Amino acid sequence: MIGIVGGTGDFGRGLTKRLLHANYSVFIGSRSKEKGKRIASEISKEMGSSQVYGGSNEEAAKFNFVFVTLPATSVIATLSELKPLLANKIVVETCVNLKFGKFIKVVEHKEGKSTYEVIREVLDQSKVASALKTISAHKLLDLNTKLEDSDFVMSTSDEAYEFVKEIDDHLGVKAFRVRGKFHATTLERMTALAIQLNKEYNNSHFGYQVTQ
């Protein structure tokens, strides 16, 4: 079972559908237990699957493998509360602190730190990975869209990276491990760039694909 903290938004719902399609069981968490259950029920009916459940973020955090798809504005406060539940577990964060306007940009945290760096500091007893940040929520939601993107994965934990790589393989995404926390802000800015391009080119859902 994979838990998704903050899984009721577009990205969380898209990820849930993709995981179900790959035959994983998923628990969707929400600040509102009732909302988590409702979204899970909706996806269950849409997918014809009995492998999706829903409830609170606290319930989602009890599993050994947890994705975090929270808005960046609430992620630090929420994860600080969930820290004891997430200790020694693999936690994959997908969050970027964005400011929307005519031009979309990344808002850095205190001391110029990326969201990944701050989350890793909060969850210092967890095996944290940063992943899927440049994958379009719209493409995740549409199962008829083949994912051919590259996923830039950051983690100091080999175990967390191998878990993400396994998930990426099932999603049809190519995982590339990026070492050095200094690149975390660059990767988060790549998210802002992709969304900016989506705004400027109608009906587009940009991602990135590495060529070798």
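Things worth noting here:
- Under 5 Å, built H, 5+ apart or other chain: amide partners of Ser126: Asn88
- Per-residue extension of 0.36 nm, minus the Cα-Cα distance of Thr186 and Asp142, leaves a gain of 13.1 nm for this segment.
- Along the chain, the exposed loop sites are GluC sites (Glu not before Pro) outside DSSP states H, G, I, E and B with at most 16 other Cβ atoms within 10 Å, and the longest stretch free of them is 1-107.
- Taking Gly29, Gly172, Gly180 as the candidate residues, the one with maximal mean-square fluctuation in a Gaussian network model of the chain, Cα springs under 10 Å, is Gly180.
- Listed residue pairs exceeding 28 Å between alpha carbons, taken from Lys110/Lys133; Lys102/Lys127; Lys113/Lys174; Lys99/Lys139: Lys102/Lys127
- Within the straight-line cut-off of under 16 Å between alpha carbons, the aspartates and glutamates reachable from Lys17 are Glu42, Glu46, Asp142, Asp168, Asp169, sequence neighbours fewer than 8 places apart in one chain being disregarded.
- Over the chain, the alpha carbon radius of gyration divided by the compact-protein estimate 2.2 N^0.38 Å works out to 0.95.
- Reported to the nearest whole Å, the Cα centre-to-centre distance from the range 187-203 to the range 18-50 is 28.
- Backbone geometry of the range 37-47 corresponds, through the Karplus equation with coefficients 6.51, -1.76 and 1.60 at θ = phi - 60°, to 3J(HN,Hα) couplings of 5, 5, 5, 4, 5, 4, 5, 4, 5, 5, 8 Hz, x marking Gly and Pro.
- Put simply, the amide H of Ala175, placed in the peptide plane, has neighbours under 5 Å in Asp151, leaving out anything fewer than 5 places away on its chain.
- For the chain, the longest site-free run once chymotrypsin sites (Phe, Trp or Tyr not before Pro) in DSSP loop states with at most 13 other Cβ atoms within 10 Å are removed: 1-99
- Close amide-amide hydrogen proximity is noted between Ser56 and Ser30, each under 5 Å apart and 5 or more residues distant or on a separate chain (H modeled in the peptide plane; Pro and chain starts excluded).
The numbers here are math on the coordinates, done by the rules we state, and not lab data. Since this is a predicted model, take the numbers as computed values, not measurements. With ideal geometry, Cβ positions are generated from the backbone for all residues, glycine too; neighbour counts draw on all protein chains shown.
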